[in-house]
Number of protein chains: 2
Amino acid sequence: MEDPCQAREVLGIVGDKWALLVVRMLKDGPRRFTELKRSIDGISQRMLTVTLRDLERDGILTRTVFAVMPPHVSYELTPMGRTLREATAPLLEWSITHLPLIAAARAEYDGR
Amino acid sequence: MEDPCQAREVLGIVGDKWALLVVRMLKDGPRRFTELKRSIDGISQRMLTVTLRDLERDGILTRTVFAVMPPHVSYELTPMGRTLREATAPLLEWSITHLPLIAAARAEYDGR
DNA sequence: CTGCATCCGTTCTGATACTG
DNA sequence: CAGTATCAGAACGGATGCAG
């Protein structure tokens, strides 16, 4: 974990605003497209599609199509995806707990 | 760590490509503007300036100006910034170790 | 249901030039 | 040294309509 240049490359992948949230939503098992769409507040259909395709391309998750009517597509973390999910958990937890502090710091900064 | 909506808010802050790298560069103590510019490969002066200002605004780091000639500005993590750095360490470590695997997955995907 | 294609306004970024 | 200002091109992101 010494090369900042490499870190930068991967942050371009996992540092995506939506990617980490998608990974998080898949932590308890496979989910369908519409389930993800509903549970990730504010994501558009387009962004979810793009994000899922990129994550599939990077080997973070798998996409399984069931040829039934109506169509049914399931997304699931790969083993590598699960290790990513573990690596991001601390950051997400930090985010939640520090949101009020950040908001306060920002308000004070803007007040000057 | 249950509200995905809140998580999304903070990811807009810390999920920034450059922000995590700046935080990482400050882990061993204060650094000057030019030091950061040199050590973060590929960042433009403008992006470093913007990133630093945002992180200062959010209470992640402090900016100290020494009124000497030539000018001297020092950036240092706040206590909150240090907890953020700890929370991001696993993700950065993951990034480094999995970069080859991601590249391989991507190459295979593109080959189809 | 699960997308893809297209349009189009907004935002981001780098390059460049200039300042205290 | 550490910025700010400006500009133009690139990338992002949402809305809409269509398809298997």
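The values are calculated or read from the model by the stated rules, or taken from the named source; none is laboratory data. In this text, all values refer to a predicted model and were calculated from it rather than measured experimentally. Every residue, glycine as well, gets a Cβ built from its backbone with ideal geometry; the counts of neighbours run over all protein chains shown. Just so you know, the surface numbers come from the protein's heavy atoms only, side chains and all, with ligands and any DNA or RNA stripped out. Shrake-Rupley method; radii C 1.70, N 1.55, O 1.52, S 1.80 Å.
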For region B:75-112, which residues satisfy the criterion of being among the polar types (S, T, N, Q) and farther than 21 Å from A:Glu86 by Cα? B:Thr78
Within the set of pairs 6 or more residues apart or between chains, which connect a residue that is under 21 Å from A:Lys37 (Cβ atoms) and within 16 Å of DNA strand C (Cβ to nearest atom) inside region A:64-91 to a residue that is open to solvent by 20 Å² or more (accessible area, probe 1.4 Å) and not in a strand (DSSP E or B) with Cβ atoms less than 7 Å apart? A:Val73/A:Phe33; A:Ser74/A:Pro30; A:Tyr75/A:Pro30; A:Glu76/A:Pro30; A:Leu77/A:Arg85
With the checklist (1) open to solvent by 30 Å² or more (accessible area, probe 1.4 Å); (2) in contact with a Leu (Cβ under 8 Å, 6 or more places away or on another chain); (3) of a type in the set (Phe, Trp, Tyr); (4) within 8 Å of chain A (Cβ to nearest Cβ) in hand, flag the one item B:Trp94 doesn't pass. (1)
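Residue-by-condition table, conditions (1) under 19 Å from B:Gly12 (Cα atoms); (2) within 8 Å of DNA strand D (Cβ to nearest atom); (3) open to solvent by less than 60 Å² (accessible area, probe 1.4 Å):
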position	(1), (2), (3)
A:Ile40	yes, no, yes
A:Arg46	yes, yes, no
A:Arg53	no, no, no
A:Gly59	no, no, yes
A:Arg63	no, no, no
A:Phe66	no, no, no
A:Met69	no, no, no
A:Glu76	no, no, no
A:Pro79	no, no, no
Hey, could you check region B:17-62 for residues that are within 7 Å of chain A (Cβ to nearest Cβ) and near DNA strand C (Cβ under 10 Å from one of its atoms) and say which is modelled with the lowest pLDDT? B:Lys17
